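Visitor: Below is one structure. I have some questions about it.
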Amino acid sequence: MPKAPTLPARPHVVIVGGGFAGLACARALGGAEIDVTVIDRRNHNLFQPLLYQVATAALSPADIAEPIRDALGRHRNIAVLLAEVIAIDHEGRFVLTDRLPPLAYDRLVLASGSDYSYFGKDHWRALAPGLKTIREARVIRQRLLMAFEQAEATRDSEAKARLLTSVIIGGGPTGVEMAGAMVDLGRFMAAHDHRNISPRDTRVLLVEAGPRLLPAFPEDLAAYAEQRLRRLGVEVMTGVAVEAMSEGEVVVAGGRSIPAGTIVWAAGTKATPAAQWLGIEPEKGGRIAVSPYLEVPERQGVYVLGDLAHLQDPASGEVLPGLAQVAKQQGRWLGRALRRLAETGERGAPFRFRSRGNTAVIGRNAAIFDFGRWHLKGRFAWVLWAVVHVVLLVSFEKRLLVSLQWIWRYMTGKRSARLIDEPVDLAPPADPKSRQTDRHESGGGFARQRGRQGT
């Protein structure tokens, strides 16, 4: 009796990283005749643009994080694995992780994103955490709130001044937004929670090594942002580089020492080490050059998205920035393209980015929006910023929760997440040779790193 023909196995797509790009790609593949596996070292998707609000007690971590399994649970063809990627065997087409057997793939999507670069001084990370993970946001919040508690109890004027001084290093959107939020938090804490602290006692410094704030924005918007921050009381220092750092102190150019109770890092970024896994030479910042189809030319069947991808915009000639809208558009486009390729064998048109504008908020009632040909600033830009960020949240539940909390906070000024937990800290790795420093993406990092799982 002749044997029945063997049906070919369904193609298997492995997506590394459950952030903006990885999640958008997986959703576009949901329900297709394709097996999809999403790997991430965390079990949640994190909306990083609002992480600074967790750090300044405006939102709770659960308000901006969604379990990846919840986001993708309705798609029966998608599996989610909690693991840390350590290598890729491109010849054998396997992904190697820290805890699972080698995982075979037909198509591989790398969406591991980026982390802050400490410019070769990774020991600064424990002193000046960035804003890439819930754990880091909790560390910053803990240090801010504890500084106020200690300042309330001390009668030493010098110690009090140091505790109530916050230094933010980096004048990009994150630094600008964090500076405005820190001023708001300090004024609220001084006015409502403490009796021995005056709003005049709090001090926020924003240090930028470049000639101006917000270098990715037009000069008129950057000038407005700086002016607005100064009106809020932020001490803006441009053209000033950080030379050294120790616990409770930042030393800037010229040897000037700034005593500080809280230090936050918001400077340059670098990609996760995916280029090393593929055995290829990265572009500037560790990014991987891709074709207009988001495929790595030297590695057929491997695609790169989001902060990891080095792709020039044909219209402007500029490399696409590491923004949430870029990552989501790339993920959605690639998911649809892979689906079409599996169903019809057609490749389709190459990826094309459609800008929705670039934005940053500067404290209460002020923001900037760059739409290319025209610019927007002030209260209306602030409202538009809020609408855009609510829409970008993963689920309807999060959109509703964040909207209600923002409305309540705007009406009352209260910050409900002023909780001091057990000590949470970022200790330096015990053996730098055996464990790499923390690396995360905007939304779903997984590279080999110290444990930083937040709650």
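Visitor: Angle, helix 219-232 long axis vs. longest principal axis of the chain, Cα atoms, 0 to 90°, nearest 10?
Guide: So the inclination is approximately 40 degrees.
Visitor: When the C-alpha atoms of the stretch 14-167 are aligned to their principal axes, what extent does each axis show, in angstrom, from largest down?
Guide: Taking the Cα atoms of the stretch 14-167, the three principal extents are 68, 35, 22 Å.
Visitor: Simple spin-label model, 7 Å along Cα-to-Cβ: A216 to A349 in nm?
Guide: According to this spin-label approximation, the distance is 2.6 nm.
Visitor: How many Lys pairs in the chain lie less than 20 angstrom apart by Cα atoms, where the lysines are 8 or more positions apart or on different chains?
Guide: Step by step, the pairs that qualify in the chain add up to 12.
Visitor: Can I ask one more? Where does each of T412, T344 land when they are ordered by accessible area, with a 1.4 Å probe and the largest first?
Guide: The ordering from most to least exposed comes out as T344, T412.
Visitor: Next question, about the same structure. At a Förster distance of 22 Å, what's the computed FRET efficiency of R74 paired with E33, Cβ-Cβ distance as r, to 0.05?
Guide: Plugging the Cβ-Cβ distance into 1/(1 + (r/R0)^6) gives 0.85.
Visitor: I'd like the orientation of helix 134-153 relative to the chain: the angle between its Cα long axis and the longest Cα principal axis, in ° from 0 to 90, rounded to 10.
Guide: Roughly 10 degrees, rounded to the nearest 10.
Visitor: Using only Cα atoms, what is the ratio of the radius of gyration of the stretch 129-203 to 2.2 N^0.38 Å?
Guide: Its radius of gyration relative to the 2.2 N^0.38 Å reference: 1.11.
Visitor: Assuming 1.002 mPa s and 20 °C, estimate D for the stretch 63-125 with Stokes-Einstein, Rh taken as the Kirkwood radius over Cα pairs, in µm²/s.
Guide: Stokes-Einstein gives a translational diffusion coefficient of 145 µm²/s.
Visitor: Related question: Once the Cα atoms of helix 396-412 and of the chain are each reduced to a long axis, what angle between those two axes, in degrees from 0 to 90 to the nearest 10, is obtained?
Guide: 10
Visitor: Still on this structure, please answer the following. Please report Rg over Rh for the stretch 144-254, where both radii come from the alpha carbon positions and Rh follows the Kirkwood definition.
Guide: 1.00
Visitor: Could you state the accessible area per residue of the stretch 328-418 in Å², with a 1.4 Å probe and every protein chain left in place?
Guide: With the other protein chains kept in place, the stretch 328-418 gives 58 Å² per residue.
Visitor: Given N residues in the stretch 291-331, what is its alpha carbon radius of gyration divided by 2.2 N^0.38 Å?
Guide: Output field value: 1.12.
Visitor: Okay, moving on. Evaluated at 10 °C with a viscosity of 1.306 mPa s, what Stokes-Einstein diffusion coefficient in µm²/s does the chain have when Rh comes from the Kirkwood expression over alpha-carbon pairs?
Guide: Answer, rounded: 69 µm²/s.
Visitor: While we're on this one: Counting only DSSP beta bridges with both residues in the chain, tell me the antiparallel percent, nearest 5.
Guide: 50
Visitor: Describe numerically, in nm with one decimal, the distance between label points set 7 Å from Cα along Cα→Cβ at R364 and at R231.
Guide: 1.4
Visitor: Continuing with this model, one more query. Quick check on the chain: helices-only [θ] at 222 nm, where DSSP H runs of length 4 and up contribute -39,500 (n - 2.57) each and the sum goes over total residues. Nearest 500, please.
Guide: Per the formula, -9000 deg cm²/dmol.
Visitor: In whole Å, how far is the Cα centre of the stretch 1-80 from that of the stretch 331-379?
Guide: Measuring centre to centre over Cα atoms gives 20 Å.
Visitor: Something else about it: Share of the chain's accessible area from carbon and sulfur, percent, 1.4 Å?
Guide: Answer for the chain: carbon and sulfur cover 53 percent of the accessible area.
Visitor: So, taking all protein chains as they sit and a 1.4 Å probe, how much accessible area belongs to R418, in Å² rounded to tens?
Guide: R418 exposes around 80 Å² with every protein chain in place.
Visitor: Oh, and also: Restricting to DSSP loop positions (anything but H, G, I, E, B) with no more than 15 other Cβ atoms inside 10 Å of their own Cβ, which trypsin sites (Lys or Arg not before Pro) remain in the stretch 74-136?
Guide: For trypsin sites (Lys or Arg not before Pro) across the stretch 74-136 that sit outside H, G, I, E and B with at most 15 neighbouring Cβ atoms in 10 Å, the list reads R74, R76, R99, K121.
Visitor: Counting only heavy atoms of protein chains, what accessible area per residue, in Å², does the stretch 153-241 have with a probe of 1.4 Å?
Guide: Value for the stretch 153-241: 44 Å² per residue.
Visitor: Further question on the same structure: Where only protein heavy atoms count, and the probe is 1.4 Å, what is the accessible area per residue for the stretch 1-140 in Å²?
Guide: I get 38 Å² per residue for this part.
Visitor: Please give the length that would be gained between E397 and K284 if that part of the chain were fully extended, namely 0.36 nm times their separation in residues minus their C-alpha to C-alpha distance (nm, one decimal).
Guide: Extra length from E397 to K284 when fully extended: 36.8 nm.
The values are calculated or read from the model by the stated rules, or taken from the named source; none is laboratory data. Note that the structure is a prediction, hence the values are computed from the model and not measured. Here Cβ is always computed from backbone atoms with ideal geometry, including for glycine, and neighbour counts include all displayed protein chains. What goes into the accessible areas is simple: the full protein's heavy atoms, side chains included, and nothing from ligands, DNA or RNA. Shrake-Rupley method; radii C 1.70, N 1.55, O 1.52, S 1.80 Å.
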